[in-house]
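The values are calculated or read from the model by the stated rules, or taken from the named source; none is laboratory data. Predicted model only: the values in this text are computed from it and were never measured. Cβ coordinates were reconstructed from backbone atoms using ideal geometry, including for glycine residues, and neighbour counts include every protein chain displayed. For accessibility, only protein heavy atoms count, side chains too; no ligands or nucleic acids. Shrake-Rupley method; radii C 1.70, N 1.55, O 1.52, S 1.80 Å.
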Amino acid sequence: MASARLLLTRSGCTALKTITGHGQRSLSVSSAVLARTHVSYEVKDNVAVVRINDPTSKVNTLGRHMQAELEEVINEIWGNSAVKSAVLISSKPGSFIAGADLNMFQACKTAEEVSYLLQAGQKMFEQIEKSPIPFVAAINSSCLSGGLEFAIACQYRIATKSKKTILGTPEVMLGLLPGAGGTQRLPKMVGLPAAFDMMLTGRNIKADKAKKMGLVHQLVDPLGPGLKSAEERTIEYLEEVAVDFAKGLAGKKVTVEKKKGLLQKVQDFVMGLPPVRKQIYKTVHNKVMKQSKGLYPAPLKIIEVNTHINRTRIRSYLHELSHFCLAMTSVSRALIGLFYGQVACKKNHFGQPEREVKKLAVLGAGLMGAGIAQVTVDKGVATILKDTTEEGLARGQQQVYKGLNDKTKKKSLTTFERDRIMSLLSGQLDYRGFENADMVIEAVFEDLSIKHKVVKEVEAVRCCPHILGLHPLMNCMIFLTCSLVSLKSSDKISSVN
């Protein structure tokens, strides 16, 4: 998570150079300004708006190049006496900062190299936290791992209230732990129980929950499309709001510290008592051991490093650094490999389809057919669900509704969105409308004679070019593939067994 340009001692996981402040605010303009590709900035009403955008990736990650340019820009901002505050925002749609560049860590051959990278990240975030001018993190979409550590080092955080905006520390899913000060800042910000929940589960936090937790200070509603796309308009609006708050922070009109009520003060006092904290560590440790059987080092390292949270800043960072290095085992390498495999499986390796599937028909409203119908309507595709009996059709439609309603209960969908998606599904006992279907998926009972019968019935409609039979163990993979590949009429599959 660092730039190779930072002058730090390469002393491994057992030593950490003292992290100092930014020093004097002297102007230092590099000739590399014109060559910057990942970070740019401009000054608006004494507010430096720092925009990040990695042109080589769909998401922004904290790699060597990104961090080197961030360091240059931040130093220039500190050297400009006209700048009173700063805003950090991503100009890339769909991503704030998705974390550190894993390839950077995988390229390290020794623990000393990993230590060197982490020290640089800790130093930069420490400088931002102690900056003489306030930094506002304007968050849209994914803010994960190193991205969240960067954001919580800023003095103020604003996020869009969008379904795509998520905050989290998923390092534990890769067998790692936050390594740039996150294990130290997060508990102080949201409390030890909430911090443990985030770091030990890797769960994503939605914007509205992040506001309640104190992870962000303000929320901004996303905008719809206009002369520009909804994403572009939302980013521009977010920047305007963030600049206003940055000016307010500089002018002391906006306060960072939130006033705590009596109940919160009592809770903080109780949580600060050594016996209480010790009991929390013990409870969390026992729960982790019960679930992981001690086979995953990272969760235990996260608990252990947090026991040193009240020590000096340098010693706390040292423990975080050393435990990160100790967590990089064969387990983490295997989990990272699994992550890359999942990413590869999500990519389209087949190119664009010859024709877009706008309407889909599913034969069979059983567990398999209803499941296919659910994921299809969830993607906005009109779907016909056919069965031979009213009872079977009703069960299938109810299964689709239940799946969507469960998302509503978890607040990942609104009731309006649930009903809108459900309206794309139509159930019937005959073949009406099949002549307009772009693709038909056969998911009837595993009886070859029945499969032959329904396929012949569909072919009799004559206007349905795509028919796909599904094996019960292959339905998900084949369905996802057929949404990307357009089959020729000669490629009709009557059965897969």
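Counting just the residues of segment 378-397 that are of a type in the set (Val, Ile, Thr) and in contact with a strand residue (DSSP E or B) (Cβ under 7 Å, 6 or more places away or on another chain), which one comes out surrounded by the most Cβ atoms within 10 Å (Cβ to Cβ)?
Looking at the filtered set, the residue picked out is 383.
Looking at this structure, is residue 186 out of contact with any strand residue (DSSP E or B) (no Cβ under 8 Å at 6 or more places or on another chain) and free of Cβ contacts under 8 Å to residues at least 60 places away in the same chain? So residue 186 fits the description; yes.
Criterion applied to 76, 113 was being of a type in the set (D, E, K, R), assigned to a helix (DSSP H, G or I) and at pLDDT 90 or above, and the one residue passing it is 76. Within segment 246-283, the set of residues being under 18 Å from residue 155 (Cα atoms), assigned to a helix (DSSP H, G or I) and either open to solvent by 50 Å² or more (accessible area, probe 1.4 Å) or among the basic types (Lys, Arg) (or both) comprises just one member, 247. Among the residues of segment 219-237, those that are more than 19 Å from the chain's Cα centre (by Cα) and either surrounded by 15 or more Cβ atoms within 10 Å (Cβ to Cβ) or among the aliphatic types (A, V, I, L, M) (or both) comprise 223, 227, 230, 232, 233, 237.
Checked against (1) more than 24 Å from the chain's Cα centre (by Cα); (2) outside any loop (DSSP other than H, G, I, E, B), residue 126 passes all but condition (1). For segment 132-141, a residue qualifies if it is open to solvent by less than 20 Å² (accessible area, probe 1.4 Å) and not aromatic (Phe, Trp, Tyr), and the qualifying residues are 133, 136, 137, 138, 139, 140, 141.
Residues are listed down the side, and each one gets a yes or a no for (1) in contact with a Gly (Cβ under 7 Å, 6 or more places away or on another chain); (2) in the same structural domain as residue 431 (by the TED database); (3) surrounded by fewer than 16 Cβ atoms within 10 Å (Cβ to Cβ):
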| site | (1), (2), (3) |
| --- | --- |
| 314 | no, no, yes |
| 320 | yes, no, no |
| 340 | no, no, yes |
| 343 | no, no, yes |
| 350 | no, no, yes |
| 365 | yes, yes, no |
| 368 | no, yes, no |
| 372 | no, yes, no |
| 376 | no, yes, no |
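Matching residues to (1) without any contact (Cβ under 8 Å) to a residue 24 or more places away in the chain; (2) on the phi > 0 side of the Ramachandran plot; (3) touching a Cys at 6+ places or on another chain (Cβ under 9 Å):
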{"position": "318", "(1), (2), (3)": "no, no, yes"}
{"position": "336", "(1), (2), (3)": "no, no, no"}
{"position": "356", "(1), (2), (3)": "no, no, no"}
{"position": "359", "(1), (2), (3)": "no, no, no"}
{"position": "364", "(1), (2), (3)": "no, yes, no"}
{"position": "369", "(1), (2), (3)": "no, no, no"}
{"position": "392", "(1), (2), (3)": "no, no, no"}
{"position": "397", "(1), (2), (3)": "no, no, no"}
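Any residue in segment 409-416 that is at pLDDT below 95, among the small types (Gly, Ala, Ser), outside the structural domain of residue 210 (by the TED database) and not in a loop (DSSP other than H, G, I, E, B)? No - not one qualifying residue is present in segment 409-416. Any idea which of 185, 157 is crowded, with 23+ Cβ neighbours inside 10 Å, of a type in the set (Lys, Arg) and within 21 Å of residue 87 (Cα to Cα)? Matching residue, one of 185, 157: 157.
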